[in-house]
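Peer 1: Would you mind keeping the following structure in view while I ask a few things?
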Amino acid sequence: MARIQSLEMRGISKSFLEVKANRDINLSIHAGEILGLLGENGAGKTTLMNILYGLYLPDEGDILVNGEPIRLRGPKDSMRAGIGMIHQHFMLVDKHTVLENIALGFDEAPFFFPHRAIRKKIEQLSDQYGLRINPDKPVWNLSAGEQQRVEIIKALSRNADLLIMDEPTSVLTPQEADELFEILRKMILQGHSVILISHKLEEIMSICDRVMVLRKGCLSGEASIEDVDKGKLAEMMIGRQIAAAYDKADVKPGGTVLDIQDLHVDSDRGLPAVRGLSVQIHSSEILGIAGVSGNGQQELVETITGLRQPLKGSVTMMGQPLKHVNARDAHTLGITHVPEERIKFGIVPNLPLYENSVLKQHRDAPYSSWLRMDYPVIKNHAGDLVNSFQVDTPSVNARMKNLSGGNIQKLILGREISSGPNLLIAAHPTYGLDVGAAEYVRKQIIALRDKGGSVLLVSEDLDELFMVCDRIAVMFEGEFMGELTPDTWTIEKIGLMMAGSHG
């Protein structure tokens, strides 16, 4: 098939039961162009691109390549047409090597010695685009940036002219993101085109030629990057400007809520994850935990919330030792938890919203009596959460899996805050959220603190930590490198501590 010189989507509409994901959307892109697809969570960006990749069939509309209409009945049709997609969560087999992952579904390898031909293809693409990768390395042993390179090589090896990338930097370090953008620029120079799905304004401004903005399933604006700024893009996304800073009441921390002394915790692999860590959190205080992911933050959170037992040390909540405590016990003590993986640990996707709104309280009055759940009361409670926390849903009967990531996060946050916690543990609460949803979540966390609550905020977003926290502790290889306050913290200082330097 001829290379893609132009692609159009005309009048695309798609609904999932009562949810209208896309409404009469037109999109166009040409060879040698990077098009940014910007929008809030739930705006319809990923749905639109899943249609282009053949994962969904549109209810209405047409797709044209080089002016000719094509019908995409599945991903194979899209790949034959020269369209590749790299999903936000990589589609790789962890136990297989790089070479074996690229070989899966590879049509062009010869019958005899296929690995030799695939290795040659990997080496050729690596040299051509600067995609450094070891073909014999197992995927589980690769960093997120390396796994992304494997996905790019896999798409290019199948002759993709147009590459769709869904939130490509959400799992990358800043250095890996810069490397990715250099790779994309090389691809553009060689005639490829890229559609970049993102909610990060800086990212769109730095790499894209044009931007299209979706809002509630509709096209709300389109412009050349040179004609807009971040403020204009934010307004196109959510209808208003975004605050650069948040107002926090000037309150003094109160008594000790959580006291951790000399805590030692092992990882799932039996290796030390938390090493002799000590810290206190007080009422009316937000303590931030900074650090590169994988330095013991997850194990620390799981220990406090009763999901993991410590090897040594003490954890005391409101003066009561948390020893041999499970998750239900932790909840009874007033610990609530916004988990890092909201779909896996925060909700039951197939259950309706109203049942998810009482996952931790379904046994308690007024939601249950005499072993029977009071569904009218539960639905009223869910309606209150939807209204109070601005959850965009057709009704409380909608299944959670049909909500966007941002609305799922708002529901989880509302559920955890509405129970009146002594301590809220929020692990990466704005990860993957658009600027509007992230702003809302941060304001709710600050409001809890201003009312006398205490918060442990784990985040890799330094700007978020600076805006929200009263203190920041930096974690490296299971230890605290030091604690900083607003009058002492800087990006440079925290960066050094994240790399293992004591403050």
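Peer 1: Does the stretch 385-403 contain any residue that is surrounded by 22 or more Cβ atoms within 10 Å (Cβ to Cβ), in contact with an Asp or Glu (Cβ under 9 Å, 6 or more places away or on another chain) and part of a loop (DSSP other than H, G, I, E, B)?
Peer 2: yes
Peer 1: Could I ask something else about it? Among the residues of the stretch 318-329, write down those that are more than 14 Å from Asp259 (Cα to Cα), out of contact with any Lys or Arg (no Cβ under 9 Å at 6 or more places or on another chain) and among the aliphatic types (A, V, I, L, M). Talk me through it step by step, then tell me what you get.
Peer 2: Taking the stretch 318-329 and keeping what is more than 14 Å from Asp259 (Cα to Cα), we get 324-329.
Adding the requirement that they be out of contact with any Lys or Arg (no Cβ under 9 Å at 6 or more places or on another chain) leaves 324-326, 329.
Correct list: Val325 only.
Peer 1: Buried (at least 21 other Cβ atoms within 10 Å of the Cβ), without any contact (Cβ under 8 Å) to a residue 40 or more places away in the chain and of a type outside the set (Asp, Glu) - does that describe any residue in the stretch 348-357?
Peer 2: The answer is no; no qualifying residue exists.
Peer 1: Still on this structure, I have one more. Name the single residue that is modelled with the highest pLDDT among those in the stretch 238-273 being over 27 Å from the mean Cα position of the chain (by Cα) and farther than 30 Å from Arg308 by Cα.
Peer 2: That would be Lys252.
Peer 1: Now for a different question. Return yes or no: is Leu448 touching a helix residue (DSSP H, G or I) at 6+ places or on another chain (Cβ under 7 Å) and under 24 Å from Val274 (Cα atoms)? Can you show your working first?
Peer 2: Values: touching a helix residue (DSSP H, G or I) at 6+ places or on another chain (Cβ under 7 Å): yes; under 24 Å from Val274 (Cα atoms): no.
For Leu448, the condition - touching a helix residue (DSSP H, G or I) at 6+ places or on another chain (Cβ under 7 Å) and under 24 Å from Val274 (Cα atoms) - is not met.
Peer 1: Now, a different point. Would you confirm whether any residue within the stretch 90-103 is more than 26 Å from the chain's Cα centre (by Cα), assigned by TED's automatic domain parsing to the domain that holds Ile29, at positive phi and not in a strand (DSSP E or B)?
Peer 2: no
Peer 1: Taking into account only those residues within the stretch 184-233 that are farther than 28 Å from Gln148 by Cα and among the aliphatic types (A, V, I, L, M), which is surrounded by the fewest Cβ atoms within 10 Å (Cβ to Cβ)?
Peer 2: Looking at residues that are farther than 28 Å from Gln148 by Cα and among the aliphatic types (A, V, I, L, M), I get Ala223.
Peer 1: What pairs come up if the first residue lies in the stretch 394-408 and is without any contact (Cβ under 8 Å) to a residue 24 or more places away in the chain, the second is part of a loop (DSSP other than H, G, I, E, B), and their beta carbons are under 8 Å apart, counting only those six or more places apart or on different chains?
Peer 2: Listed by first residue and then by second, the contacts come to nothing, as the list is empty.
Peer 1: Would a scan of the stretch 437-447 turn up a residue that is within 11 Å of Leu287 (Cα to Cα) and either β-branched (Val, Ile, Thr) or in contact with a Cys (Cβ under 9 Å, 6 or more places away or on another chain) (or both)? Break it down stepwise before answering.
Peer 2: So in the stretch 437-447, the residues within 11 Å of Leu287 (Cα to Cα) come out as none.
Checking the stretch 437-447: not a single residue is within 11 Å of Leu287 (Cα to Cα) and either β-branched (Val, Ile, Thr) or in contact with a Cys (Cβ under 9 Å, 6 or more places away or on another chain) (or both).
Peer 1: Can you report the number of residues in the stretch 287-320 which are over 13 Å from Asp266 (Cβ atoms), among the aliphatic types (A, V, I, L, M) and not in a loop (DSSP other than H, G, I, E, B)? Break it down into steps so the answer makes sense when it comes.
Peer 2: Step one: of the stretch 287-320, the residues over 13 Å from Asp266 (Cβ atoms) are 287-295, 297, 301, 304-307, 314-320.
Then keep just the ones that are among the aliphatic types (A, V, I, L, M); that gives 287, 289-290, 292, 301, 304, 307, 315, 317-318.
If we keep only those that are not in a loop (DSSP other than H, G, I, E, B) as well, we get 287, 289-290, 301, 304, 315, 317.
Summing the residues that are over 13 Å from Asp266 (Cβ atoms), among the aliphatic types (A, V, I, L, M) and not in a loop (DSSP other than H, G, I, E, B) in the stretch 287-320 gives 7.
The values are calculated or read from the model by the stated rules, or taken from the named source; none is laboratory data. What you are looking at is a predicted structure, and each value in this text was computed from that prediction instead of being measured. Here the Cβ is made from the backbone with ideal geometry for all residues, glycine too, and neighbour counts use every protein chain on show.
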